[in-house]
Amino acid sequence: PKDAGLQAGTLISGTPKVAPGETMIAIDAISKWYGEFQVLTNCTTQVAKGEVVVVCGPSGSGKSTLIKCVNALEPFQKGQITVAGTKVMDKSTNLPKLRSRVGMVFQHFELFPHLTITENLTIAQRKVLKRSAEDAKKRGLDLLARVGLGAHAHKYPGQLSGGQQQRVAIARALAMNPVVMLFDEPTSALDPEMVGEVLDVMVELAKEGMTMMVVTHEMGFARKVADRVIFMDRGEIVEDATKEEFFGSPRSERAQTFLSKIL
Ligand code: ADP
Ligand code: MG
């Protein structure tokens, strides 16, 4: 029993309930500078509970910066972002607590290389959420089984393939019972044959109603599960459309050019 693939069952049991239709992420007129360089210009969008929003656009357009602002990994100088009612840049905001509710999966898997898969899955549950070792292990191993990797709990990240490590990274984020999941090009560092197994987990998450912001160029994923597509260029949100509108007839020439290159 090596890699069982995605198992049936819920990935998001135990996630705090919020009212349907509630705005989970409100990005309100964000501008950000790196020194003199303006990286984001007046970006505004909202993500409702259960919505899946794909963010695309050319390299350097500010996609990573925008989603890092959502969990305050990057500060911004103007505007406001609210996640599940918490203003991310407020001085009174408890950042570790906020980040524990906002799951983040990056391009590079960023598992702790010196910890086993089980330890990777449990450390933040124990340190941040103060769960007991037993509870954290139960939650972590349950999610590991759900992403098809139950047989690998004792291994170290380096013993797994890139696709497997990325599935562990998703399970690790989900173990914290996040209300929102952010993905930054989660499949772009993977060998092509491993992309599908990671997208399968993300599709399942979307189907279960997780609120997701996903930076990706996987337009097949966008067509399948996105509710909306945001197109960024040079630090601006140039389009924010339903996927039907976006793929049917993008309004801007910049989005049309981008799509003609990647489709
Ligand atoms: P994307 O994810 O769309 O490729 P990024 O958000 O990574 O874009 O970067 C947007 C722009 O900001 C790029 O021009 C990049 O060079 C610049 N940038 C990113 N991080 C930094 C930083 N820490 N300091 C200065 N410039 C940065
Ligand atoms: Mg990026």
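Scanning the range 123-131 for any residue that is crowded, with 22+ Cβ neighbours inside 10 Å and assigned to a loop (DSSP other than H, G, I, E, B) turns up nothing.
Scanning the range 88-99 for residues that are surrounded by 16 or more Cβ atoms within 10 Å (Cβ to Cβ) and outside any loop (DSSP other than H, G, I, E, B), we see that the one that is nearest to ligand 2 (Cβ to nearest atom) is Arg99. Looking at the range 74-83, which of the residues that are buried (at least 18 other Cβ atoms within 10 Å of the Cβ) and without any contact (Cβ under 8 Å) to a residue 60 or more places away in the chain is farthest from ligand 1 (Cβ to nearest atom)? Filtering first and then ranking leaves Thr82.
Selection of the range 32-81 for residues being touching a Ser or Thr at 6+ places or on another chain (Cβ under 8 Å) and at positive phi yields Asn42, Gly50, Ala72, Gly79. Pairs, please: C-beta under 6 Å, at least 6 apart or cross-chain, first residue free of Cβ contacts under 8 Å to residues at least 40 places away in the same chain and within 23 Å of Val102 (Cα to Cα) and in the range 32-48, second assigned to a strand (DSSP E or B) and more than 9 Å from ligand 1 (Cβ to nearest atom)? Sorted first by the residue in the range 32-48, then by its partner, the pairs are Gln46/Thr23; Gln46/Ala26. Kindly list the number of the only condition in (1) in contact with a helix residue (DSSP H, G or I) (Cβ under 7 Å, 6 or more places away or on another chain); (2) in a strand (DSSP E or B) that fails for Thr82. Result: Thr82 fails condition (1) only.
Tell me, yes or no, whether the range 100-119 has at least one residue that is within 22 Å of Thr211 (Cβ to Cβ), within 16 Å of ligand 2 (Cβ to nearest atom) and buried (at least 22 other Cβ atoms within 10 Å of the Cβ). Within the range 100-119, one or more residues are within 22 Å of Thr211 (Cβ to Cβ), within 16 Å of ligand 2 (Cβ to nearest atom) and buried (at least 22 other Cβ atoms within 10 Å of the Cβ). Taken as a whole, the condition of being within 15 Å of ligand 1 (Cβ to nearest atom) and modelled with pLDDT of 95 or more does not apply to Phe112.
The values are calculated or read from the model by the stated rules, or taken from the named source; none is laboratory data. Please read these numbers as outputs of a predicted model, since none were measured by experiment. Please note: Cβ atoms are built from the backbone with ideal geometry, for glycine as well, and neighbour counts cover all protein chains shown.
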